[in-house]
1. State the percent of C-alpha pairs, over all pairs in region 205-356, separated by a distance greater than 24 angstrom.
2. Kindly state, to the nearest 0.05, the FRET efficiency for GLU127 paired with THR56, given R0 = 35 Å and r defined as their beta-carbon distance.
3. With Cα extents along the principal axes in Å in mind, check (i) 87, 69, 46; (ii) 73, 64, 50; (iii) 64, 52, 48 and report the label derived from this structure.
4. Can you compute the label reach from LYS287? Point 7 Å from Cα along the Cβ direction, backbone N cut-off under 17 Å, restricted to region 219-252.
5. Please return the longest stretch of the chain lacking exposed loop sites, where GluC sites (Glu not before Pro) count only if DSSP places them in a loop and at most 15 other Cβ atoms lie within 10 Å.
6. If you take the beta carbon distance between ILE482 and CYS420 as r and set R0 to 51 Å, what does 1/(1 + (r/R0)^6) give as a FRET efficiency, to the nearest 0.05?
7. About its Cα centre, what dipole magnitude does region 205-356 give when the only charges are +1 on Lys and Arg Cβ and -1 on Asp and Glu Cβ, stated in debye to the nearest 20?
8. Using +1 at the Cβ of each Lys and Arg and -1 at the Cβ of each Asp and Glu in the chain, identify which of GLY428, ASN315, ILE403 lies farthest towards the dipole's positive end.
Amino acid sequence: MKQTEHIKIIALGGVGEIGKNMHVIELDSDLFILDAGLMYPDEDMFGIDGVIPDITYIQENKERVKAIFLTHGHEDHIGALFYLLKNVTVPVYGTKWTLALVKEKLKNIESSVQFHEIDTNSIIPFERTDVSFFNVNHSIPDSVGICLKTSQGAIVNTGDFKFDQTPVNNKKADIDKMAIIGSKGVLFLLSGSMNAEKPGYSGSESVVAEEIADTIYNTHGPVLVALYTSDIYRIQQVIESSIINDRKISISEQTLLNQIKLAVRLKYLPDYFEHFVPINQASKLEKVTVLVGGHSAQPLEEISKMAEQTHKYYNVKRGDTVLISSSPYPGHELAYSRTIDLLYRAGADVTFGKNHHVTVSSHGHQEELKLMLNLMKPKYFIPVHGEYKMQIAHAKLAEAIGIKTDNIFIVEKGEVVEACSRYVKKVGKVMSGNVLIDGIGIGDVGNIVLRDRRLLSQDGILLVVVTISRSKRKVIAGPEIISRGFVYVRQSGELLSEATKMVNESINDSLSHRPIEWAALKQDIRESLNQYLFEQTKRRPMILPIIMEV
């Protein structure tokens with residue numbers, strides 16, 4: 001392994017936000033990418049399906065990229081991989097389940113990518129580093145932390161983790177391996193901050209298993225369980241408790257069923273299919289458990305349809321028991337609360353929240369974060385994967401266990417932390433930001449389009465349609481004013497009639513006094529209407545003049 005003179009660590013996503021995890025580790029001329037995740041859109045990102053990191057820096061240096069390493073298979077760590085691999089052709093390393101999920105996502109995309117399966121005993125040698133892995137507890141199988149050994153010390157990315165002493169699959173975290181890595185010297189530790197504000201411990205999956213089993217045992221009618229589609233361990237808990245209680249199992253949607261089939265095929269789950277019944281038969285059964293899937297941004301989207309009585313196959317009825325075994329991602333609490341209210345209105349008996357022990361976080365709380373810091377004993381610490389306040393809270397935990405304040409770096413997207421023999425400091429910033437996914441379009445929706453969508457959602461749109469003869473310099477037809485999302489036409493006749501007069505005056509003035517310039521005419525219409533409509537309604541609709549020439 002060669003001596004490394006300069007180390008750079010760059011977060012292209014996952015800092016100052018939740019999701020979109022992507023880090024670049026630069027060892028002299030070699031670049032390594034850790035994770036490539038997406039972020040689910042905020043409520044004000046109208047129509048946007050997902051947000052991925054700006055990879056301009058990687059594209060500019062793609063000849064230097066040696067490999068992509070994945071910590072686990074959640075969307076916030078692999079969701080941008082399809083976009084990255086369109087621009088960079090390098091080997092991808094991940095565990096068996098992680099690569100299986102990646103290949104499912106990429107199966108319709110032509111790709112010459114080499115996938116390399118690793119486990120916690122793998123060591124991948126490169127010219128300037130040896131890359132090894134250690135097992136961590138998380139809500140998805142085969143989650144690992146990544147260690148890049150360099151001549152200056154190790155660089156460790158923990159991935160998402162918690163410390164569960166009684167995990168579902170009895171696959172405990174590699175605490176001994178973490179301690180060995182720490183004893184040999186960790187230069188940089190990158191560790192997730194999502195629950196850095198929450199005291200204590202996150203709780204064990206075994207407690208959830210007991211609560212689910214008790215609920216299913218004590219319920220005589222149908223049980224609906226809402227959970228994350230990716231949470232294989234929780235799915236296993238629900239299915240096994242249902243089988244023990246002689247219940248049939250029904251899966252609410254195809255994505256969840258496909259995930260279960262994949263897990264069975266790869267032997268992460270036993271073959272339960274003899275106990276399954278189609279979802280369109282579930283409403284006819286009394287002893288049935290319905291599994292309802294969802295993802296981080298909309299964990300309860302499917303069950304909300306059932307509560308609103310708009311689901312195609314199963315609607316919640318009085319006497320049903322609904323068990324919410326998923327917690328909302330930060331920023332989506334309101335939709336979560338509304339769905340629970342809808343379920344109560346539908347007559348269901350609803351069990352949810354940590355007080356009922358039907359869900360636990362898959363991210364470590366303060367005591368677990370401190371344990372990781374104590375095991376790794378890093379010289380320098382970079383809190384990642386969390387909003388800024390969470391990074392600050394994590395930094396305070398690091399200070400509490402003895403890491404010097406000057407050795408803790410709170411980074412923004414694109415900031416570069418560089419280490420060499422003379423210094424360790426921030427040395428600048430590379431291009432970073434958000435690339436928006438809308439349908440099949442990637443990056444073709446920007447801030448201007450989002451601003452227009454936001455305006456449309458607030459005050460609506462007003463179309464002004466008029467036909468003009470340039471040669472006769474007169475209006476042939478119109479103007480016709482069409483309102484969408486601004487005012488109700490039948491109750492606003494006087495307002496729209498006055499607006500029509502103002503448009504006529506503006507057009508006639510332009511036609512009689514100066515050469516006809518369509519752009520100037522449109523601007524006159526906008527300005528006159530905008531002021532009048534705001535005075536009358538205190539709203540500013542988007543005004544689109546459409547001028548046709550004959």
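None of the figures in this text is laboratory data; all of them are computed from the coordinates on show. The structure displayed is predicted, hence computed values, not measured ones. As a convention, Cβ positions derive from the backbone with ideal geometry for all residues, glycine included, and neighbour counts pool all protein chains shown.
1. Roughly 24 percent, once rounded to a whole number.
2. Once rounded, the FRET efficiency stands at 0.85.
3. (i)
4. 219-224, 239-250
5. Numbers: sites that count: GLU5, GLU43, GLU110, GLU127, GLU286, GLU308, GLU412, GLU517.
No qualifying site falls inside 128-285, the longest such stretch.
6. Numbers: r = 64 Å, r/R0 = 1.26.
For ILE482 and CYS420, the calculated efficiency is 0.20.
7. Details: 15 positive and 18 negative charges, 84 e Å.
Value, rounded to 20: 400 debye.
8. GLY428
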